[in-house]
Amino acid sequence: MTSTSQTRHSANTDESMEFSYGTRRTLIGAVLTVLAFIMLAIAILPLGLVLGYVIIRGGSQFNLELFTGQIPVALQEGGGVGPAIVGTLIVVGIASVLSIPFGILAAVYLSEFSSDRIVKWIRFATNILSGVPSIIVGLFAYGVIVVNTNQFSAVAGGFALAILMLPIVLRTADEALQLVPQEVRWASTGVGASNFQTVLQVVLPSAMGAIVTGTTLAIARASGETAPLIFTALFSKFWPTNIWEPIPTLSILVYKFATVPYENQQEIAWAASLILVLLVLITSILSRLATIKSIY
């Protein structure tokens with residue numbers, strides 16, 4: 001009887017300890033979950049405040065004239081940012097044409113054809129380039145394009161933005177190509193395809209979703225850059241007619257109008273800020289959709 005009682009007492013003690021340990025573990029898990037949500041809210045809070053403030057200040061100015069009207073001068077009522085929107089698309093388009101093909105081709109070379117020593121140094125140089133301040137890139141583009149042509153222009157601005165976009169495109173494309181399994185390449189060459197055919201018809205299509213994601217993120221960064229365009233594209237209040245002349249852009253418009261003492265131009269600056277935020281949001285959504293499509 002004594003042995004049976006001791007056994008029951010031991011079993012009850014073990015069950016009590018198990019219950020106590022499980023309760024403590026559940027409590028710690030709940031506390032950590034709440035703490036994680038609090039940290040997440042704190043991390044998202046600045047983004048929410050910025051978006052909310054920009055929407056409140058700039059959303060009231062949204063109308064047809066904002067997108068089609070001429071950039072206003074001092075003391076002028078009304079007006080819009082139509083020329084700046086067109087100018088931004090032109091400059092970013094030039095930058096994309098210059099950077100995206102070169103970035104993807106460089107990534108193909110690094111991933112498929114180069115030696116390990118060259119790859120190491122090029123990737124190191126790419127990391128350094130991605131960390132160079134944008135204002136330094138603007139000064140470089142000024143010395144290369146503006147000084148030699150004696151003209152601020154959309155081409156000079158596109159060249160500066162292309163330098164900023166290039167390391168992003170190259171790194172994301174390089175990483176995307178490395179994620180393609182080596183067995184896919186072996187299977188392609190096993191059926192008689194050359195290295196060029198394997199890269200062009202097998203590897204690139206497999207990595208295209210991630211590559212598109214990288215290019216859209218690079219475009220989003222270039223759309224909001226201001227410092228390089230101050231030294232290259234300068235600014236104009238007129239509709240763009242020539243890529244070899246100063247051109248208006250949304251980021252420079254915000255930079256110039258946000259600090260002037262004229263209320264109408266300040267409101268135009270807030271509206272342009274909201275348009276820039278929406279452009280970045282659209283490109284981010286497109287990159288996300290490209291990522292999901294590549295997965296499925």
- request: Hey, can you tell me all the residues within the stretch 265-281 that are closer than 20 Å to residue 222 by Cα and either surrounded by 15 or more Cβ atoms within 10 Å (Cβ to Cβ) or modelled with pLDDT of 85 or more (or both)?
  value: 269, 270, 271, 272, 273, 274, 275, 276, 277, 278, 279, 280
message: Regarding the stretch 40-59, can at least one residue be identified that is part of a helix (DSSP H, G or I), surrounded by 12 or more Cβ atoms within 10 Å (Cβ to Cβ) and among the basic types (Lys, Arg)?
response: yes
- request: Have a look at 93, 87 and point out the one that is at pLDDT 90 or above, closer than 30 Å to residue 175 by Cβ, assigned to a helix (DSSP H, G or I) and of a type in the set (Gly, Ala, Ser).
  value: 93
- request: Confirm whether residue 250 is in the same structural domain as residue 86 (by TED's automatic domain parsing) and without any contact (Cβ under 8 Å) to a residue 24 or more places away in the chain.
  value: no
- prompt: Out of curiosity, is residue 283 closer than 23 Å to residue 111 by Cα, touching a helix residue (DSSP H, G or I) at 6+ places or on another chain (Cβ under 6 Å) and not basic (Lys, Arg)?
  reply: no
Within the stretch 202-263, helices (runs of 4 or more DSSP H) holding 1 or more residues that are crowded, with 20+ Cβ neighbours inside 10 Å, touching a Phe, Trp or Tyr at 6+ places or on another chain (Cβ under 6 Å) and of a type outside the set (Gly, Ala, Ser): 227-232, 250-257
- request: Considering only the stretch 138-167, state which residues are in a helix (DSSP H, G or I), touching a Leu at 6+ places or on another chain (Cβ under 6 Å) and not small (Gly, Ala, Ser).
  value: 167
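Going through the stretch 103-132 one residue at a time, which ones are of a type in the set (Ser, Thr, Tyr) and more than 25 Å from the chain's Cα centre (by Cα)?
Within the stretch 103-132, 114, 115 qualify.
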message: Among the residues that make up the stretch 217-230, is at least one of them touching a Pro at 6+ places or on another chain (Cβ under 7 Å) and not hydroxyl-bearing (Ser, Thr, Tyr)?
response: no
- request: Inspect all residues belonging to the stretch 132-145 and state whether any of them is within 16 Å of residue 227 (Cβ to Cβ), at pLDDT 85 or above, among the aromatic types (Phe, Trp, Tyr) and buried (at least 20 other Cβ atoms within 10 Å of the Cβ).
  value: no
- prompt: For the stretch 175-221, what are the residues that are more than 30 Å from residue 251 (Cα to Cα) and either outside the structural domain of residue 94 (by TED's automatic domain parsing) or among the charged types (D, E, K, R) (or both)?
  reply: 175, 183, 185
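The values are calculated or read from the model by the stated rules, or taken from the named source; none is laboratory data. Just so you know, these numbers come straight off a predicted model, no measurement behind them. Note that we place each Cβ from the backbone using ideal geometry, even for glycine, and neighbour counts take in every protein chain shown.
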